[in-house]
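All remarks here apply to the structure that follows.
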Amino acid sequence: MSDSLALYIHWPFCVSKCPYCDFNSHVRDTVDQQAWAAALLADLAHEARLTEGRKLGSIFFGGGTPSLMPPATAAALIRAAEAHWGFTNDIEITLEANPSSVEAARFAELSAAGVNRVSLGLQALDDEILGFLGRAHRVDESLAALDTAQRHFERVSIDLIYARPNQAADQWEGELARAIGFGTTHMSLYQLTIEAGTRFATDVAKQQWQPLDDDLAADLYVLTQEMTASAGLPAYEISNHAAPGHESRHNLAYWRYQDYAGVGPGAHGRRGGMATMRHKKPENFLSAVARNNHGLKSEDALDRETQAMEALLMGLRLDEGVDISTLSTRFSIDSGDLLDWKAVDKLETLGFVHRAGRHVSVTSKGFPLLDAILPQIVAIEPAPEA
């Protein structure tokens, strides 16, 4: 396990409601920026005290609309993080951004503050689809923001959503080809999912529209893998593609089950075998910080079995897979108790899994069926409560 630490900073506020997001209660007309900067700095300091002696390998500003965080706040948080922990020589500092002209206008200042990577949520290259997805920006505005981002940041990632209702293969092929042509070295390509409690879930329940057929979605997944691999952007995780060496180091920390500190409303963390969760509602988070100098809602010790299970579920999302011997040593659990090896061997004969000794990975053929494969091969379960 890497000795460096990842830091996730959650900026909770959104500029508009999103039909597929459960953070819609965080839309605010006004925000007390000074109070929020102070609260995030206090929460960050608390995590630093508990992880002393670790250097930061990555910082990720995520959440609602973090690109609307004042650049001065981002700069203060980055300075504080460096003072508390220290940085590795190649630290990656990422900020999620909507591709609007308002947010793009802040890119120069955010770059000067220390952000060196931006993840830009283009979502689609069709104005009608952007309206369906609840996005406020238009394609021409998002492409102007992309151009600005590529001028100000060392690395740029773009997000697109596919497998949308009635989406044909030739439509997605043209859209993806156009996106590849933008020349970014990282792409996050997500199939549209319907989350419970969102407006999309309500619309589908009312039969206002239907998700794309599973078989058609699987065909689009295969097409996506073929096109990105051919363009030198192979998948290194089920939905993430990058040129070699341009993988998101922060997200790799999650998937490789390394420690990460979570700061800000709704942020989760994993450190030293503990699962941390911050208060999700902004006002509750502020109240907790005022009382305790941190925004923690819960901090729970995870048993070895739970940690091992989480490590497997995360690691098998990666193209590199997992080394079961390493996990066995790390969690002091016999490798035979981690995976169902008979199921692994059976799925290997079908081409869904690859096994080399005690190293296991899911193949490109198996990735579309990952949700069905994992329950078959992951044998470890959390220890029963005493």
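The values are calculated or read from the model by the stated rules, or taken from the named source; none is laboratory data. Computed from a predicted structure; not experimentally measured. All Cβ positions, glycine included, derive from the backbone under ideal geometry; neighbour counts span all protein chains shown.
Taking the residues in the stretch 95-110 that are touching a His at 6+ places or on another chain (Cβ under 6 Å) and buried (at least 20 other Cβ atoms within 10 Å of the Cβ) as candidates, determine which candidate is farthest from Gln167 (Cα to Cα). Only one residue tops the list, namely Phe107.
Just one of the listed residues (Glu310, Glu299) is out of contact with any Gly (no Cβ under 8 Å at 6 or more places or on another chain), loosely packed, with under 15 Cβ neighbours inside 10 Å and in contact (Cβ under 8 Å) with a residue 12 or more places away in the chain, and it is Glu299. Screening Arg164, Arg151 for residues that are within 30 Å of Asp214 (Cα to Cα), over 19 Å from the mean Cα position of the chain (by Cα) and of a type in the set (D, E, K, R) leaves exactly one candidate, Arg164.
Of all the criteria given as (1) closer than 24 Å to Cys14 by Cα; (2) at pLDDT 95 or above; (3) crowded, with 18+ Cβ neighbours inside 10 Å; (4) over 19 Å from the mean Cα position of the chain (by Cα), the one not satisfied by Met227 is (1).
Take Gly57 and decide whether it is part of a strand (DSSP E or B) and at pLDDT below 95.
no
For the stretch 84-106, check the following and say yes or no: at least one residue is at pLDDT 95 or above, assigned to a helix (DSSP H, G or I) and among the hydrophobic types (A, V, I, L, M, F, W, C). For the stretch 84-106, residues at pLDDT 95 or above, assigned to a helix (DSSP H, G or I) and among the hydrophobic types (A, V, I, L, M, F, W, C): absent. Within the stretch 168-183, not a single residue is polar (S, T, N, Q) and either under 30 Å from Ala76 (Cα atoms) or touching a residue at least 12 places away in the same chain (Cβ under 8 Å) (or both). Filtered by the rule that a residue be under 20 Å from the mean Cα position of the chain (by Cα), closer than 16 Å to Phe13 by Cβ and not in a loop (DSSP other than H, G, I, E, B), the stretch 268-283 gives a lone residue, Arg278.
Just wondering, is there one or more residues in the stretch 195-207 that are over 24 Å from Asn251 (Cβ atoms), of a type in the set (Val, Ile, Thr) and in the same structural domain as Ser101 (by TED's automatic domain parsing)? Yes.
Every residue, every condition in (1) assigned to a helix (DSSP H, G or I); (2) under 25 Å from the mean Cα position of the chain (by Cα); (3) in contact (Cβ under 8 Å) with a residue 40 or more places away in the chain, yes or no:
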| site | (1), (2), (3) |
| --- | --- |
| Phe285 | yes, yes, yes |
| Thr326 | yes, yes, no |
| Arg330 | yes, yes, yes |
| Lys346 | yes, no, no |
| Ala383 | no, no, yes |
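With respect to Val139, is the statement that it is touching an Asp or Glu at 6+ places or on another chain (Cβ under 6 Å) and of a type in the set (A, V, I, L, M, F, W, C) true? Give the derivation first.
Values: touching an Asp or Glu at 6+ places or on another chain (Cβ under 6 Å): yes; of a type in the set (A, V, I, L, M, F, W, C): yes.
Taking the combined requirement at face value, the residue satisfies it.
For the residues His246, His250, His241, the requirement of being within 26 Å of His359 (Cα to Cα), in contact with a Phe, Trp or Tyr (Cβ under 6 Å, 6 or more places away or on another chain) and either surrounded by 15 or more Cβ atoms within 10 Å (Cβ to Cβ) or of a type in the set (A, V, I, L, M) (or both) singles out His250. Of all residues in the stretch 236-255, those that are in the same structural domain as Ile93 (by TED's automatic domain parsing) have Cβ atoms under 8 Å from Cβ atoms of residues that are crowded, with 22+ Cβ neighbours inside 10 Å and of a type in the set (Val, Ile, Thr), 6 or more apart or on another chain, in Ser248/Thr94; His250/Ile59; His250/Thr94.
Residues in the stretch 7-39 that are in contact with a Gly (Cβ under 6 Å, 6 or more places away or on another chain) and modelled with pLDDT of 75 or more: Tyr8, Ile9, His10, Trp11, Pro12, Phe13. Restrict the check to the stretch 116-139 and report whether at least one residue is under 14 Å from Ala74 (Cα atoms), surrounded by fewer than 20 Cβ atoms within 10 Å (Cβ to Cβ) and modelled with pLDDT of 95 or more. The answer is yes; a qualifying residue exists. Scanning the stretch 204-232 for residues that are without any contact (Cβ under 8 Å) to a residue 24 or more places away in the chain, assigned to a helix (DSSP H, G or I) and farther than 12 Å from Pro165 by Cβ turns up Ala205, Asp214, Asp215, Glu226, Ala229, Ser230. Any residue at all in the stretch 368-381 that's at pLDDT below 95, in a helix (DSSP H, G or I), surrounded by 17 or more Cβ atoms within 10 Å (Cβ to Cβ) and not β-branched (Val, Ile, Thr)? Among the residues of the stretch 368-381, at least one is at pLDDT below 95, in a helix (DSSP H, G or I), surrounded by 17 or more Cβ atoms within 10 Å (Cβ to Cβ) and not β-branched (Val, Ile, Thr), which makes the answer yes. Which count do you get for residues in the stretch 345-384 that are among the charged types (D, E, K, R) and within 16 Å of Ala311 (Cβ to Cβ)? Count: 2.
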